[in-house]
Amino acid sequence: MTRRRGTLAVAAGALVLLAGCMEVEQTATAKQPGQTVRRDTAAWNNEPLANGPKWTKGNRVSWEEQIKKRQLAQSENLRIYQ
Amino acid sequence: MARMKFLCDAERCIECNGCVTACKNENEVPWGVNRRRVVTINDGVVGAEKSISVACMHCSDAPCMAVCPVDCFYRTDDGVVLHDKDLCIGCGYCFYACPFGAPQFPQAGAFGLRGKMDKCTFCAGGPEADKSEAEFKKYGRNRLAEGKLPACAEMCSTKALLGGDGDVISDIYRERVVRRGNKGAEAWGWGSAYGQPPKAGTPAAPGAAPAPAGGKS
């Protein structure tokens, strides 16, 4: 009986340790006074994918033109019937 | 300047949950978190059942941004509301402030503690380097940086869910409503959503889709 309890205690301890190892990193970085929130890089400042939509890197107008085409393709009236 | 928005056509949404699945898959969203969900009212009532796909609406005057005590939200040049998970403390204020229930809180760790807030990013990633592994892990895929629209809208089979610049998608929606051309109780069903057969003696609207045989109208 005592041995069984011991085994159970070891198993429970192992489970707690294992659970600890599975913890996802959740550290919060405190913002310093005067610091503003980090901002994203603009989408048009990326190199287009080799097999994806094309635009000129850094050229916002060309990115907006191609994304507008993609938006308009959601309308079957434009995509299919015209 | 574009203002990225979602618009869901309740006449077309067939509650297939394709948008939910596309979002989950594209961004590898963890268990218990639904960045997008389909809400149905009058479920099972013939003619009165309506479904709509809901996620973060990327508000122009976002209440989540207003209430965040650590000011972790920011808006991109395209009007997409994003947040920095490194600053988020998971307090849940944004959840109470959001009228759409967009902010989600994963159960972090083995003891079910509330984690950092997670929400729809309009497939625009976050403040980490674009298309980096860190960005994908924290925020999901950055499709805008690949010149694409959000996966949910692009995967929508009936094109009920539209995503893009508010002006462009509202024009698409307006055109649809004009083409439907009927009101009230008739504004329901296949024929209403995809076009009416031309009435005898009147020419068909230019580009109007023929109504499928056996379809409701």
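Give, as a single signed number, the net charge of other residues whose beta carbon lies under 13 Å from the beta carbon of B:ASP84, with Lys and Arg counted +1 and Asp and Glu -1.
So the surrounding residues net to +2.
Averaged over peptide B:121-133, how many Cβ atoms belonging to another chain are found within 10 Å of each residue's Cβ?
2
Using a simple spin-label model with points 7 Å from Cα along the Cα→Cβ vector, what separation in nm is obtained for A:GLN35 and B:THR21?
In this crude spin-label approximation the distance works out to 4.3 nm.
Starting from the alpha-carbon convex hull of chain A, give the projected area averaged over all orientations, in nm².
Over every viewing direction, the Cα hull of chain A projects on average to 14.1 nm².
Divide, for the range B:6-67, the radius of gyration over alpha carbons by 2.2 N^0.38 Å, where N is the residue count.
Numbers: Rg = 13.8 Å, N = 62, 2.2 N^0.38 = 10.6 Å.
Normalised Cα radius of gyration, the range B:6-67: 1.30.
If you put +1 on each Lys and Arg Cβ and -1 on each Asp and Glu Cβ, how big is the dipole of the range B:4-167 around its Cα centre, in Debye rounded to 20?
The calculation lands at about 400 debye.
In the range B:1-45, which GluC sites (Glu not before Pro) are in a loop and have at most 11 other Cβ atoms within 10 Å, using DSSP for the loop call?
Values: sites: B:GLU11, B:GLU15, B:GLU26, B:GLU28; in loops: B:GLU11, B:GLU15, B:GLU28.
Taking the range B:1-45 and a limit of 11 other Cβ atoms within 10 Å, the loop GluC sites (Glu not before Pro) found are B:GLU28.
Can you give me the long-range amide H partners of B:GLY125? Hydrogens built in the peptide plane at 1.01 Å from N, cutoff under 5 Å, separation of 5 or more residues or another chain.
Those lying under 5 Å, H to H, from B:GLY125 are B:ARG143.
Can you tell me the Rg and the Dmax, both Å, for the Cα atoms in the range B:4-167?
15.6, 49
Along the charge dipole of chain A, pointing to its positive end and built from +1/-1 on Cβ of Lys, Arg, Asp and Glu, which listed residue (A:LEU8, A:GLN32, A:TRP63) has its Cα farthest out?
In chain A, that residue is A:LEU8.
No value in this document is a laboratory result; all are computed from the given coordinates. Computed from a predicted model, the values in this text were never measured in an experiment. Note: ideal-geometry Cβ built from the backbone for every residue, glycine included; neighbour counts use all protein chains shown.
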